[in-house]
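Colleague: One structure, pasted below without further comment.
Nothing in this text is a laboratory measurement; each read-out follows from the coordinates by a stated rule. Everything numeric in this text was worked out from a predicted model, so none of it was measured. Using ideal geometry, Cβ is built from the backbone for each residue, glycine included, and neighbour counts are taken over all protein chains shown.
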Amino acid sequence: MIQRFVDNVIAVTKESVKTFTYESLNNVVRLINGISALLLTFLPGKANILEGIHGWELRPTFRGPRFPRWMENGVSSFNRFVHELSVDSDSDGSNLDYAYGDEDSDDELSPASPSSQSSRASRASSFSKHDRRWSWWMWIRYIFFWILFPARFLLGIPVRILQLSYSRSSKASAAPGSNEASQTISRVQILKDHIVHRTTDRRRGVIEDLHLGIEIFIEAIFDVVHKAAHFVLSPSVAFKTLSGWCSLSSGGVQYSHGNDSEVTVPTASLGENNPALKERNTSFQHSLNTDARTCQDVITELGYPYEAIHVITNDGYVLLLERLPRRDSRKAVYLQHGVFDSSMGWVSNGVVGSPAFAAYDQGYDVFLGNFRGLVSREHVNKNISSRQYWQYSINEHGTQDIPAMIEKIHQVKTAELKLSQPDLDEETNDGQPYKLCAICHSLGGAAVLMYVITQRIEEKPHRLSRLVLLSPAGFHGDSTFMFTIMEHVFLFLAPLLAPLVPGFYIPTRFFRMLLNKLARDFHNYPAVGGLVQTLMSYFVGGDSSNWVGVLGLPHYNMNDMPGVSFRVALHLAQMKRAGKFRMFDYGSASANMEVYGCPEPFDLGEYYGLIDVPVDLVAGRKDKVIRPSMVRKHYKLMKESGVDVSYNEFEYAHLDFTFSHREELLAYVMSRLLLVEPTPKQQSSQKAVKLKKRTPATS
């Protein structure tokens, strides 16, 4: 009677504490959301910046935040889940069924294996006795796990600490020659991973993490209080449990600690080397992340084929060339991303709105290029320093990265087509049995133009049949006032910053995780998201692209993230200062002479006449990063040089070319690809030979 009364008091108190903490947190979030809405009303130009962004609250609102995803009908689903696993239903002190689960749930958690099938009967008879001796030691470990879980969850405490704790407990309690103890620990580990999997969501934000962490912490504390009350009210049960614990610790087994007599007895673990369990452990390792999917995950989840090709440049950088293969297709397309982006940009809009899927559905063999510049620093030299890795400019994108990837495409396609079509007539130029078009965005457009021109100067085949350039970089003289200020400040501070800042990226996993989670919160709380979107748009000159939405893409995760080297940013500033599309200025006439053969950097705009393939230029009328006037400058110079070039404009901002779902853009791009014709053998060899002495080094 007294025990039931105490249980009711503890339960009511626990729910009261939960309600108070939840409401306090929600009130703080409401206050932040309301202040953001108030600030948003006074910021100028917000209507233009937020116009057309799907899902944003365009009008300020003091409405409370939405419930997190793990809240169902306003009530926590995790609270019900914890109660299902609690010991409230049994008062004899020996039930730790929630820590191990019954036989049915075990079948769901771990696939059947020979060991589990053959030993099921023996474990059924001996498991309950073993549980009694083990329960309180594992109960204390389990409590500590949940108490530490919020801190590990939010501050990134390594999972290895918890795993080490479990391994030590297994060594201290498992008798040599018996594998039941290790099987028990394996069951606990499996259930722990299962719990984390059920209570975490790869799209959680920081606020949702706080809700979840607080609930877990409150449950752990009150479970300890509940068990302590049972000890006080039932001393016989407590004495019986402690006696079993003490007998287990002694175990009747003598361990020798001498170096000569130490004996190591191998024990088997349930499901060891099982791929399914390894997958669970992997998901547990990545449970802190909001969305760690790769481009491969997105492609394969949608039912498309995928292939990864690792490419090594001449200077040792390891690049990832991803592919949606059509091995027997004689038409291929190469897509190259821009700054702070990756191949994910070409597939992020799903089946309907992504250029990569649209090209594949049209029968193309699709290749997705990735520039150098990841936090993981992929290089043949595994010990390369951060300073050494980030020592590159746009020059290396155009003369190292793209040549390496396109040459790999040529090798792969030629070998596959010869294998599948032995009698193939190689009627195209340079014996190329396929047509390769390039679709490039922003920085990728500037790099591919640099690639084509330098390859023509060196009299090497560029293997491209058509270029579709979406808001290409290169000319930046006409830009916003904000970019002009940034250019002057950057060039002024460059000599001081160069030795200190090799690149612009987030170096630690915790802050990358925080950025990804905050991006989720910006979507959950529209006033906060609208304020951040507005401020970010001010920083990029008023461009109305969905900058906050882009931060939530999977490639901005805790494990890896694209960055920008200091020299790439300096190169863009140099282009803006000079008003020309030229290669990197190394800072002195002698340094430039060594690389280019002349004291000035190589001016690419002067040699557009070497471009011997059709070029389609696309600009965005709302693009404030690369204004239409700058794309038209490309068009004017190409037209004057005799290039087969077209120009078109859409009502887009800078990121709308890849991130937003635009059917008219996809239709236009696909229509340009269908116009591919055999490459005309127009040669300007005399001009190429004349310029060869001034070409940059590409080896």
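Colleague: Net charge near Glu407, counting Lys/Arg +1 and Asp/Glu -1 over other residues with Cβ under 10 Å of its Cβ?
Modeller: Residues close to Glu407 contribute a combined charge of +3.
Colleague: On to the next question. With θ taken as phi - 60° and the coefficients 6.51, -1.76 and 1.60, list the Karplus ³J(HN,Hα) couplings across the stretch 593-608 in order, rounded to whole Hz; mark glycine and proline as x.
Modeller: 4, 5, 8, 9, x, 8, x, 10, x, 5, 8, 6, x, 6, 10, 4
Colleague: If you average 1/r across every pair of different Cα atoms in the stretch 538-648 and take the reciprocal, what Kirkwood value do you get, in Å?
Modeller: Kirkwood hydrodynamic radius for the stretch 538-648: 16.8 Å.
Colleague: Explain nothing, just compute: Karplus ³J(HN,Hα) = 6.51 cos²θ - 1.76 cosθ + 1.60, θ = phi - 60°, for every residue of the stretch 442-450 in order, whole Hz, x for Gly and Pro.
Modeller: 6, 4, x, x, 5, 5, 6, 5, 4
Colleague: Return the inverse of the average 1/r over all pairs of distinct C-alpha atoms in the stretch 502-592, which is the Kirkwood hydrodynamic radius, in Å to one decimal.
Modeller: 15.5
Colleague: If each of Val595 and Ile309 carries a label point 7 Å out from its Cα toward its Cβ, how far apart are those two points in nm?
Modeller: Placing both labels 7 Å along Cα→Cβ, they lie 2.8 nm apart.
Colleague: Taking the radius of gyration and the Kirkwood hydrodynamic radius from Cα positions alone, what is the Rg/Rh ratio for the stretch 470-545, to two decimal places?
Modeller: That ratio equals 1.04.
Colleague: Between Arg327 and Val28, what is the label-to-label distance in nm when each label sits 7 Å out along the Cα-to-Cβ direction?
Modeller: Label at Arg327, label at Val28, 5.7 nm between them.
Colleague: Follow-up. Can you give the translational diffusion coefficient of the stretch 376-514 in µm²/s, computed by Stokes-Einstein from the Kirkwood radius over Cα pairs at 37 °C and 0.692 mPa s?
Modeller: The diffusion coefficient I find is 177 µm²/s.
Colleague: Same structure again: Compute the length gained on full extension between Ser236 and Leu419: take 0.36 nm times their separation in residues and subtract their Cα-Cα distance, giving the result in nm to one decimal.
Modeller: 57.9 nm
Colleague: Going by amide H atoms built from the backbone, whose H comes under 5 Å of the H on Glu649, apart from near neighbours?
Modeller: For Glu649, the qualifying residues are Ala619.
Colleague: When the chain is fully extended, how far beyond the present Cα-Cα distance does Gln391 get from Gln362, taking 0.36 nm per residue of separation?
Modeller: This chain segment gains 6.5 nm when fully extended.
Colleague: Would you work out which of Leu655, Leu637, Leu674 lies farthest towards the positive end of the dipole of the stretch 627-679? Charges go on Cβ: Lys and Arg +1, Asp and Glu -1.
Modeller: Toward the positive end, the furthest listed residue is Leu637.
Colleague: Any idea how far the Cα center of the stretch 562-585 sits from the one of the stretch 620-676, in Å?
Modeller: 22
Colleague: Something else now. Ordered by packing density, taken as the mean number of other Cβ atoms within 10 Å over each peptide's residues, highest first, how do 342-348, 571-577 rank?
Modeller: 342-348, 571-577
Colleague: Can you give me the relative contact order of the stretch 316-391 as a percent, contacts being Cα pairs under 8 Å and 6 or more apart?
Modeller: In percent, rounded to a whole number, it is 42.
Colleague: For a quick check: with amide H placed at 1.01 Å from N, whose amide H comes under 5 Å from Val339's, ignoring anything fewer than 5 positions away on the same chain?
Modeller: Here the answer is Leu443, Gly444, since their amide H atoms fall under 5 Å of that of Val339.
Colleague: Near the amide H of Phe584, under 5 Å away, which other amide H atoms are found, from residues 5 or more places off or on another chain, if H is placed in the peptide plane?
Modeller: Asn395
Colleague: Run the quick spin-label model on Ala667 and Phe511: label points 7 Å from Cα toward the beta carbon, then report their separation in nm to one decimal.
Modeller: According to this spin-label approximation, the distance is 4.6 nm.
Colleague: How do the peptides 371-383, 300-312 rank, highest first, by the average count of neighbouring beta carbon atoms within 10 Å per residue?
Modeller: Going by the mean number of other Cβ atoms within 10 Å, highest first, we get 371-383, 300-312.
Colleague: Provide the per-residue ³J(HN,Hα) series for the stretch 499-515, in order, calculated from phi with Karplus coefficients 6.51, -1.76, 1.60 and θ = phi - 60°, each as a whole number of Hz, with x at glycine and proline positions.
Modeller: These are the phi-based 3J(HN,Hα) values: x, 9, 10, x, x, 10, 6, 9, x, 9, 5, 5, 6, 5, 4, 4, 4 Hz.
Colleague: Given Cβ point charges of +1 (Lys, Arg) and -1 (Asp, Glu) and nothing else, what value in debye, to the nearest 20, does the dipole of the stretch 369-512 about its Cα centre take?
Modeller: 680
Colleague: Mind checking the full-extension length gain between Arg577 and Leu674? Use 0.36 nm per residue of separation minus the Cα-Cα distance, one decimal, nm.
Modeller: Using 0.36 nm per residue and subtracting the Cα-Cα distance, I get 31.1 nm.
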